[in-house]
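None of the figures in this text is laboratory data; all of them are computed from the coordinates on show. Note that the structure is predicted; figures quoted are calculated from it, not measured. Every residue, glycine as well, gets a Cβ built from its backbone with ideal geometry; the counts of neighbours run over all protein chains shown.
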Amino acid sequence: MKFLAALVSLSLAVNYVSADVPIEGVTALTVVPGQFIVEVDTSSHIPGKRSTDAPHAHVLRHLTERGVNFNVGHEYNTPGILVGAAITLKNASDAKALQESPGIVAIRPVMLIPAPDPVEVHVISGLGDPNLPNDTQSTHVLTGVDKLHAEGRFGEGIKIGIIDTGVDYTHPSLGGGFGPGFKIAGGYDFVGDAYEAGSTPQPDNDPLDQCNGHGTRVAGIIGADPGNIFNISGVAYKSTLTAYKVFGCIGSVGDDIVVAALLRGVADKQDILTLSLGAPSAWSTTTTSVVASRVAASGIIVTVAAGNNGASGGWYTTGPGNGVDVIAVASIDNTYLQLQTASVQGVQHDPIPYHQLWSLGISGEFPIYATSTNTSVVDDACGPLPDSTPDLSDYVTIVRAGSCTLDWKAAQVATKGANIVLFYDDGLTGFVKINIGNYNASMIQAADGEWLVSQFVANTNITLSFPDASTPVAYPVGGLISYFSSYGPTNDKYFKPAVAAPGGNIPSTYPLPMGTWAVLSGTSMATPFIAGSAALLLEAKGRTTGVALRAQHIRNNGADAPGLVDVYKSIYTETTVSPGELLLNDTAYYRKTQSFTVKNTGKSIKTYTISHVPAGTALTIPSNSIQPAAGPVPLSTAYANVQLSTTGFLLLPGESRQVTAFITPPAARRKTRTSPTYLGLAAALKDAPIFDNTQAIYPRIHGVTGPQNFTFNSYDYPILEYRLSFGTALLRIDLVDPNITLTTTLNPSSVAERGSVLDEPIFTFPHGKPNTFAQVSIIGALTELDYFPRDLDLGYTGITLGLELGLRIQRSGNMGPIAFCYGH
């Protein structure tokens, strides 16, 4: 991966053209001011290390001797996984002392992980709730869990640690108590209910959560006891659960606390650790990803949510799910949905389902107006509606999805007064739930939309109303990837997510004060399903991680899904294939020749036929853009070519054979395209554009319209704003003298006024001390970030969310270290 560098003039005497271009400053990955996780060498030959010291004590002693003002948060001492400490430096000038401490392996900034937030939550009011799924165990039928339950397998004896918001263990279906002998047999609260990122944690031994609820949902998917009024049971409801509470009632958490919880799970000898949390990073190198991967390599199964950023396109999975040996879990939709329906008046017709859990809540009957009479038009309402369009305030406006974003279409029809909009599926967007702001808008199925348009063309006198009425609807893409599920791969080209499980429209437990039961959607729901599935595997196969992982059988449900787990076949399969994924890298470092081993683990001779089933080539970046395509990521039939060393063979019981595959990228391709289930990139990733200079507003010095002086007091300091169109392994910004001759490669940019930025400085560690870069003399490095993700671009909403870095120069010697902060 190439790196990104920028040179900033010392005087900042640059000329820009002002423009009224509003932006929203957002970063997907937030660095906590002045906080770092320091990893140290555990070997005994560290200079100055006393034999009785904790392995990281010499670093702390070194800082004290240098007069560094610091605080120590968590201390980590799990050899083979992580030895070190979370440290807060009070001054940017002390960064050098930390960097020069002996025995340090790595210094990583503490990152904020946002509170888990399901895509959809509906509290179940009772058996008569119209939004309660009729078949509460359809997820078990989808995955073979029902067959294992019928055989008496429920995960008994397997220990699962849940790192989340805590659990309401008073819930009757979760055992009704806490401690040895109960379902929730143990746990720890690392933060306290009142904790929010930046506040002081108040840890204790009680992981009770009755104010957030997320961990209670997760626990129910794994372990809810049967016999409740909704007939809901967990995947492995006889397993033993431990709750590690890392969130308060609201707010984010630093990943230093999540790391502490992972290591606590190791110390408690959990068989499985599950984390329905994370922050988009798209790299396998964040602290939580590194630690989770090491935990998994040690023999503990680790399942992590892939994230709910599917609308943002590829290259946007979350850490710690990006860890190399971690099972990152995607979500598939349930096979049916309980949806609201619109009633049709004027002609005889069945109610029309629209994708909402709750009614739009609109009283009255409304005639319809179609923005296009051609149901095949690809850009319906992507431009201004004609002058002949009537006032749409008293109509239900019917619009075909596709081409441009739905929020853009809604904005176009709103100029004509429309406030009730039904979008119909174009065959690509999918029949999905949408959220486009303050519009009464929902999605209907393609056939229903086409019928309504035909009635409009025929001038039929029909109206629609929206009573509070729902119906179970067979979901056309049930068993396939959920619209919200995040796409990979990682920026370092690991295959993420690895497997899918039911995560859309899932009933589960909820804290008693918050409603007791709820229907939820998100990869947070799919992740504990895989944890429970792993428990059933371990119960059947024994506590051997390798067996459990190799035994998992993935059933392919379509090119746009990573594969739905089939737990029953995972246990009873008599063939293993290893490795389970082939990583081809990109064209610059292409590994064309791959091999895998097929083993007959059964008791009889087996005949194998070996063939290539092509997966869709994902067009992750459109031909007219350097920004990743919004989800659902389009696919191409320009498949890779695969030649196999054999087409078939016989294997005796216990016998294995290696197969070689020669894989050639798709012939018709544009750079940065990806092709799973073997994963390769038909382009050189080092050539991917990093700095986004396609818009005149980026990069820029915010608010500067000409030569300007700064005091560096209060908020009077320059802010450098830019966008990353792709993740970068190294982001470096250097300071140069204003009198040098500098030929820039980026476009001059205009400026927009905006609100204030965060006042907390954040400093990082430039690793080298070069005097020049690209043959340009450098005064010093302003900032450096390793393995940073691309900026979030929600193309489906039409809002560009840019990353702003506020750079505050803090004098220390010759211009000293630099601090910067994120602007929101």
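Please report, largest first and rounded to whole Å, the three semi-axes of the ellipsoid equivalent to the range 433-484, where each semi-axis is the square root of five times an eigenvalue of the C-alpha gyration tensor. Provide the component values of the computation, followed by the final result.
Numbers: eigenvalues 118, 50, 33 Å².
Each semi-axis is √(5λ); the values are 24, 16, 13 Å.
When the Cα atoms of the range 574-687 are enclosed in a convex hull and the volume is divided per residue, what value in Å³ results?
Working: hull volume 11.7 nm³, N = 114.
Spelled out: Cα convex hull of the range 574-687, divided by residues, is 102 Å³.
Ranking request for peptides 179-191, 648-660: highest mean number of other beta-carbon atoms within 10 Å first, then the rest in descending order. Could you put the intermediate results ahead of the total?
Working: 179-191: 19.1, 648-660: 13.2.
Going by the mean number of other Cβ atoms within 10 Å, highest first, we get 179-191, 648-660.
Pull up all non-local amide H partners of Ser298: gap of 5 or more, or a different chain, and H-to-H distance under 5 Å with H placed in the peptide plane.
Close amide H contacts, sequence-distant or interchain: none at all.
Roughly how many debye, to the nearest 20, is the charge dipole of the range 574-687 about its Cα centre, given +1 on each Lys and Arg Cβ, -1 on each Asp and Glu Cβ, and no other charges? Can you show the working numbers first?
Details: 11 positive and 5 negative charges, 28 e Å.
Computed about the Cα centre, the dipole is about 140 debye.
Which percent of the Cα-Cα distances in the range 222-299 go past 15 Å?
Details: 1942 of 3003 pairs.
That tail contains 65 percent of the Cα-Cα pairs.
Filter Lys245/Lys493; Lys238/Lys541; Lys541/Lys603; Lys238/Lys269 down to the pairs with a C-alpha to C-alpha distance above 21 Å, please. Can you show the working numbers first?
Details: Lys245/Lys493 32 Å; Lys238/Lys541 16 Å; Lys541/Lys603 16 Å; Lys238/Lys269 18 Å.
Long pairs (Cα-Cα over 21 Å): Lys245/Lys493.
Which log10 I(q)/I(0) values does the range 106-244 give at q = 0.09, 0.14 Å⁻¹ under the Debye formula, counting every alpha carbon as one identical point scatterer?
Values, matching the q order: -0.32, -0.74.
Return an integer: the convex hull volume of the alpha-carbon atoms of the range 275-336, in Å³ per residue. Intermediate values should be presented prior to the final figure.
Working: hull volume 5.2 nm³, N = 62.
It is 83 Å³ per residue.
Per residue of the range 210-223, in order, report the coupling 6.51 cos²θ - 1.76 cosθ + 1.60 (Karplus, θ = phi - 60°) as ³J(HN,Hα) in whole Hz, putting x for Gly and Pro.
Along the range 210-223, the couplings run 10, 10, 10, x, 4, x, 5, 4, 4, 4, x, 5, 7, x Hz.
Report the label-to-label distance for Asn69 and Ala267 in nanometres (one decimal), using points 7 Å from each Cα along the Cα→Cβ vector.
3.1
So for the pair Ala106, Val457, with labels modelled 7 Å out along Cα→Cβ, what separation do we get in nm?
Using points 7 Å along Cα→Cβ, the separation is 5.9 nm.
In square nanometres and to one decimal, what's the mean projected area of the convex hull around the Cα atoms of the range 337-474? Working shown, then result.
Details: hull surface 30.0 nm².
Approximately 7.5 nm², given one-decimal rounding.
Per 0.36 nm of contour for each residue apart, how much would the distance between Thr88 and Tyr572 grow if the chain were fully extended, relative to their Cα-Cα spacing? The partial results should precede the final answer.
Details: separation 484, 0.36 × 484 = 174.24 nm, distance 5.09 nm.
Between Thr88 and Tyr572, full extension yields 169.1 nm more.
Using alpha carbon coordinates only, what is the Rg to Rh ratio of the range 57-96, with Rh defined as the Kirkwood radius? Provide the component values of the computation, followed by the final result.
On the way: Rg = 11.0 Å, Rh = 10.9 Å.
Looking at the range 57-96, the ratio lands at 1.01.
Ranking request for peptides 231-240, 427-436: highest mean number of other beta-carbon atoms within 10 Å first, then the rest in descending order.
231-240, 427-436
For Gln137 and Asp687, calculate 0.36 nm times their separation in residues minus their Cα-Cα distance, and state this gained length in nm to one decimal. Could you put the intermediate results ahead of the total?
On the way: separation 550, 0.36 × 550 = 198.00 nm, distance 4.80 nm.
Extra length from Gln137 to Asp687 when fully extended: 193.2 nm.
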